[in-house]
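Written below as structure tokens is the structure these notes are about.
The values are calculated or read from the model by the stated rules, or taken from the named source; none is laboratory data. Computed from a predicted structure; not experimentally measured. Heads up, the Cβs are rebuilt from the backbone with ideal geometry, glycines too, and the neighbour counts pull from every protein chain shown. We work out accessible area using only protein heavy atoms, side chains counted, and drop any ligands, DNA or RNA first. Shrake-Rupley method; radii C 1.70, N 1.55, O 1.52, S 1.80 Å.
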Amino acid sequence: MRQPIIAGNWKMYKTAAEAVEFVRDLKPLAGGAKHCEIVICPPYTSLEVLAPELAGTGISLGAQNMYWEAEGAYTGEVSPGMLLAAGCKYVILGHSERREYFGESDETVNRKLKAALTNGLVPIFCVGEKLAEREAGTTTQVVRRQVTGGLAGIAPADAARMVIAYEPVWAIGTGRTASSEDAEEVISFIRGVVEELFGPETAAEVRIQYGGSVKPGNAPELMGMPNIDGALVGGASLDPVSFAQIVNYQA
Ligand code: PGA
């Protein structure tokens, strides 16, 4: 059985003090949830301060990006080992905003995925089509290319323990959610691509989230779909009450 995983992607929001306040508010509302795993992915500057706040709550910590090298002259970058030392279990990689604004490609995302896995971090690997691609009917082609390129050269056992997030770009921050049927269709297609690449066992194990305008109101229906194993939540993860409502969904 795949345990659903709900991760909050805070993007470039909240100072360290605001992050601590959020977690103190969230703990009584969502700490101890058993039906799903909960992850918070704040900016780098809040990681160290949140790790002790989250200890013993069952809520895990994740980063939003990293570089693939262990160390070196790479001004502004952060390594996998640094994230581990800061208390991270997860790292979001290949988010569409990274691809769009920071020039990330399937190839660089692949290098990051390999570095994360080698260092014992669990990647949350994001894929998803843009609006023009959906309208042109190329969703499955685009998603297949991203999944195949991102996972090139990765061992089946590593692929099985990572998380994939399907986030149609047109649904991110727009209030426009994919219908649960559309999300289920693409996510089951992605599981099929994982099966082609790594075999049925890996495909049955890998967790695939949906992301894009997930809110307390649409979470139960999305989470009720057989292939959707949780959510990657942006805007609605910034408020402890709405994030707790999502996490406490009743599918
Ligand atoms: P959203 O963002 O929930 O605000 O649409 C999701 C994401 O970008 O991960």
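In plain terms, the bigger the Kirkwood radius, the slower the diffusion; for the stretch 147-194, with that radius from Cα pairs, at 25 °C and 0.890 mPa s, Stokes-Einstein puts D at 201 µm²/s.
Residue pairs exceeding 26 angstrom between C-alpha atoms, taken from LYS34/LYS89; LYS89/LYS215; LYS114/LYS215; LYS34/LYS130; LYS11/LYS130; LYS27/LYS130: LYS114/LYS215; LYS34/LYS130; LYS27/LYS130. Expressed as a whole percent, the accessible area of the chain that falls on carbon and sulfur atoms is 53 (1.4 Å probe). Per the Kirkwood formula applied to alpha carbons, the chain shows a radius of gyration over Rh ratio, Rg over Rh, of 0.93.
Sorted largest first, the principal axis extents computed over the alpha-carbon atoms of the stretch 108-251 equal 39, 36, 27 Å.
What does the accessible area per residue of the chain come to in Å², with a 1.4 Å probe and no ligands, DNA or RNA counted? In whole numbers, the chain has 43 Å² accessible per residue. Given +1 at the Cβ of Lys and Arg, -1 at the Cβ of Asp and Glu and no other charges, the dipole of the chain around its Cα centre is 260 debye to the nearest 20. Could you tell me the relative contact order of the stretch 1-134? Use alpha-carbon pairs under 8 Å, at least six residues apart, and round to a whole percent. Value for the stretch 1-134: 20 percent. Across the chain, C-alpha contacts under 8 Å between residues 6 or more apart give a mean separation that, scaled by the residue count, equals a relative contact order of 21 percent. Counted over the chain, the DSSP beta bridges are approximately 0% antiparallel.
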